[in-house]
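**Student:** Below is a structure I'd like to ask you about.
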Amino acid sequence: MLDPTLLPWWAWPLLLFAVTFLLGIVAVIGGIGGGVLFVPIVAGFLPFHLDFVRGAGLLLALSGALSAGPSLLRGGLASLRLAMPLALAGSIGAIAGAFLGLAMPTRVLQLSLGIVVLAIAALMWATRHAGETLARTPDRWAAALGLSGRYPEASQGTIVAWTVHRTPAGLAAFAVIGVIGGMFGLGAGWANVPALTLLMGLPLKLAVGTSGLTMSIMNTSAAWVYLNEGALLPILHVPSILGVMLGARFGVRMLKRIEAQTARYIIIAVLLIAGGRSLLQGFGI
Amino acid sequence: MKLERHEKAYARWLAIGARLGFAALVASFFIYLFDLIPPGIPPTELPRYWGLPVGQYLAATHASTGWGWVARLPQSDVLNFVGVVILGATSIACYARLIVDYAAERDWIYVAICIAQLAVLATAASGILN
């Protein structure tokens, strides 16, 4: 960890802003949340303790999800009806994960974070060419909950019907994602989208929007725990939120110039470095 | 494509909460940074503490847990938590509103989901588990 006396105090929030600005650009081009990059990189390379970095990571993901939620809903690109039961399972998991994370020794947490981040990189690599396997008929749970509808597919100028299957498995997956997200402050977009598309058979575009909506609820639950435990430092989370949000806006403009697949490879490389660094920290190196 | 009434309301409440919370978060941060209101822990002293685990940080700074920070208002470092609370309360307000809409539609499964979610969020927010 860097010595905080290397720079004057005011330089650290500025550095944090610069780092998170870059993360925001990469995250939006790669189509993932900022939290998954933020926590391992900031905890690995800047002088802030992992406890506060995780709290900031959750607030970062929460702010992004809350900001995007209204336009996703208004555009018909997120299903509130689908998000609600999944968010309920996810937020129970997130609270459990937050308590678990705050109770674990730092070394164990760093080691676990390293393993999780490397696993996320592997998941991104494995699913980089995954196509859509859409659900055709709803399972019993989906039928009972009315989990089907239509969304506008702007690229084709059509309205597409959707439903989901394997709902119980989806609920279980969201509970587990919640635990991991709450424990490490990673947000949940990195896992929500594959769970919605590959497991539940939702179209990708709707999965991205619905994932954002579930994140706003899951991260809220865990953020309350971090606030009540005193694990939030404004000097850490405010510059980070500003950096990622401005970076994301800049990233949207760059979307046309950089291929999503290229950004995905950059993210995988960054995750490998950050995950490796976290593992080394866990081993006390 | 026509949005359902409760989706419109949810989007509207979410937008209001996000804007308010974000504005409070940023405004209070600059109040803290430029020392416009005296803080509990000045930013110049923070580098001594931000590398500590939260337990040691709390012991060293005598910072509060739970809702104890409310008693320290208007110290500018805890003023920032008002913004966090607004962001955290946004989903709670949205769900409270959804209960009314789903009850009007007699969609009892979703009324139950709303109540369960509100219970989970309220429990986390109350700090009784901490």
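Read the figures in this text as sums done on the coordinates, not as results from a lab. The structure displayed is predicted, hence computed values, not measured ones. Every residue, glycine among them, receives a Cβ derived from its backbone with ideal geometry; neighbour counts consider all protein chains shown.
**Student:** Assuming R0 = 56 Å, can you tell me the calculated FRET efficiency for the pair B:Leu36 and A:Thr137, based on Cβ-Cβ distance, to the nearest 0.05? Could the numbers behind the result be given before it?
**Tutor:** Working: r = 60 Å, r/R0 = 1.07.
Efficiency for this residue pair is about 0.40.
**Student:** Taking the C-alpha atoms of segment B:1-42, how large are the radius of gyration and the largest Cα-Cα span, Dmax, in Å?
**Tutor:** So, for segment B:1-42, Rg and Dmax equal 16.9, 52 Å respectively.
**Student:** Turning to a different aspect of this structure: Quick one: the Cα spread of segment A:29-153 along its three principal axes, in angstroms, biggest first?
**Tutor:** Taking the Cα atoms of segment A:29-153, the three principal extents are 48, 31, 29 Å.
**Student:** Could you check the spin-label model distance between B:Ala59 and A:Arg74? Points 7 Å from the Cα along Cα→Cβ, value in nm.
**Tutor:** It works out to 5.1 nm between the two label points.
**Student:** Placing +1 at every Lys and Arg Cβ and -1 at every Asp and Glu Cβ, with all other atoms neutral, what dipole size does the protein assembly as shown have around its Cα centre, in debye to the nearest 20?
**Tutor:** Numbers: 25 positive and 15 negative charges, 186 e Å.
Computed charge dipole of the protein assembly as shown: roughly 900 debye.
**Student:** Okay, moving on. Karplus couplings for segment B:102-112 from phi (6.51 cos²θ - 1.76 cosθ + 1.60, θ = phi - 60°), rounded to Hz, Gly and Pro as x?
**Tutor:** Once θ is set to phi - 60°, the couplings for segment B:102-112 become 5, 5, 5, 8, 6, 8, 5, 4, 6, 4, 5 Hz.
**Student:** Now for a different question. What is the local net charge at B:Cys114, summed over the other residues whose Cβ is closer than 10 Å to its Cβ (Lys, Arg +1; Asp, Glu -1)?
**Tutor:** Details: positive: B:Arg97; negative: B:Asp101, B:Asp107.
So the surrounding residues net to -1.
**Student:** Give the residue from B:Pro42, B:Phe81, B:Ala11 lying farthest towards the positive end of the charge dipole for chain B; charges sit on Cβ (+1 for Lys and Arg, -1 for Asp and Glu) and the dipole is referred to the Cα centre.
**Tutor:** It is B:Ala11, whose Cα lies furthest towards the positive end.
**Student:** Separate question: What ranking of A:Arg140, B:Arg97 emerges when the number of other C-beta atoms within 10 Å of each C-beta is taken as an exposure proxy, fewest first? Working shown, then result.
**Tutor:** On the way: A:Arg140 10, B:Arg97 16.
The order, fewest Cβ neighbours first, is A:Arg140, B:Arg97.
**Student:** Follow-up question, since we're still on this one. I need A:Phe52, A:Phe45, A:Phe283 ordered by Cβ neighbour count within 10 Å, fewest first. Working shown, then result.
**Tutor:** Working: A:Phe52 27, A:Phe45 14, A:Phe283 11.
Going from sparsest to densest Cβ surroundings: A:Phe283, A:Phe45, A:Phe52.
**Student:** Considering only B:Pro47, B:Pro39, B:Pro74, give the residue with the highest GNM mean-square fluctuation for chain B, with springs between Cα atoms whenever their separation is below 10 Å.
**Tutor:** The residue that fluctuates most here is B:Pro47.
**Student:** Long-range amide H contacts for B:Ile41: which residues qualify at under 5 Å (H placed 1.01 Å from N, peptide plane, sequence gap of 5 or more or a different chain)?
**Tutor:** B:Asp77
**Student:** List the trypsin sites (Lys or Arg not before Pro) in segment A:207-277 that DSSP assigns to loop (not H, G, I, E or B) and whose Cβ has at most 16 other Cβ atoms within 10 Å. Which are they? Write out the running numbers ahead of the final one.
**Tutor:** On the way: sites: A:Arg249, A:Arg253, A:Lys256, A:Arg257, A:Arg264, A:Arg277; in loops: A:Lys256, A:Arg257.
Within segment A:207-277, the qualifying trypsin sites (Lys or Arg not before Pro) (loop, at most 16 other Cβ atoms within 10 Å) are A:Lys256, A:Arg257.
**Student:** Filter the GluC sites (Glu not before Pro) in segment B:1-97 down to the DSSP loop ones having no more than 13 other Cβ atoms within 10 Å, then list what survives. Write down the numbers at each step before the final one.
**Tutor:** Numbers: sites: B:Glu4, B:Glu7, B:Glu45; in loops: B:Glu4, B:Glu45.
Filter output for segment B:1-97: B:Glu45.
**Student:** Please state the Cα pair-distance histogram of segment B:1-97 with 10 angstrom bins from zero: what percent is in each bin?
**Tutor:** 15, 35, 28, 14, 7, 1
**Student:** Hey, what number do you get for the protein assembly as shown at 222 nm if only DSSP H runs of n ≥ 4 count, each worth -39500 (n - 2.57), divided across all residues, to the nearest 500? List each step's numbers first, then the result.
**Tutor:** On the way: 15 runs with 285 residues, N = 415.
Calculated mean residue ellipticity at 222 nm is -23500 deg cm²/dmol.
**Student:** Taking H as built 1.01 Å from N, whose amide H comes closer than 5 Å to the amide H of A:Thr127, not counting residues under 5 places away?
**Tutor:** So A:Thr127 has HN proximity to no qualifying residue.
**Student:** Can you list the residues, at least 5 places off or on another chain, whose amide H is less than 5 Å from the amide H of A:Val160, using H built in the peptide plane?
**Tutor:** A:Tyr151, A:Glu153
**Student:** Over 31 Å apart: what share of the alpha carbon pairs of segment A:11-282 falls there, rounded to a whole percent?
**Tutor:** Numbers: 7470 of 36856 pairs.
When every Cα pair of segment A:11-282 is considered, 20 percent fall beyond 31 Å.
**Student:** If neighbour count is taken as other Cβ atoms inside 10 Å, put A:Trp12, A:Trp141 in order from fewest to most.
**Tutor:** Details: A:Trp12 23, A:Trp141 17.
By the 10 Å Cβ count, ascending, the order reads A:Trp141, A:Trp12.
**Student:** Mind jotting down the distance between the C-alpha centroids of segment A:211-285 and segment A:131-176, whole Å?
**Tutor:** Centre-to-centre distance over Cα atoms comes out at 27 Å.
**Student:** Do you know the relative contact order of chain A, to the nearest whole percent, from alpha carbon pairs under 8 angstrom that are 6+ apart? If you can, show how the numbers build up before the last one.
**Tutor:** Numbers: 517 pairs, mean separation 113.7, N = 285.
That works out to 40 percent.
**Student:** Only Cα pairs within less than 10 Å get springs; with that Gaussian network setup on chain A, which residue of A:Ala154, A:Ala175, A:Ala96 has the largest fluctuation?
**Tutor:** The residue with the greatest mean-square fluctuation here is A:Ala154.
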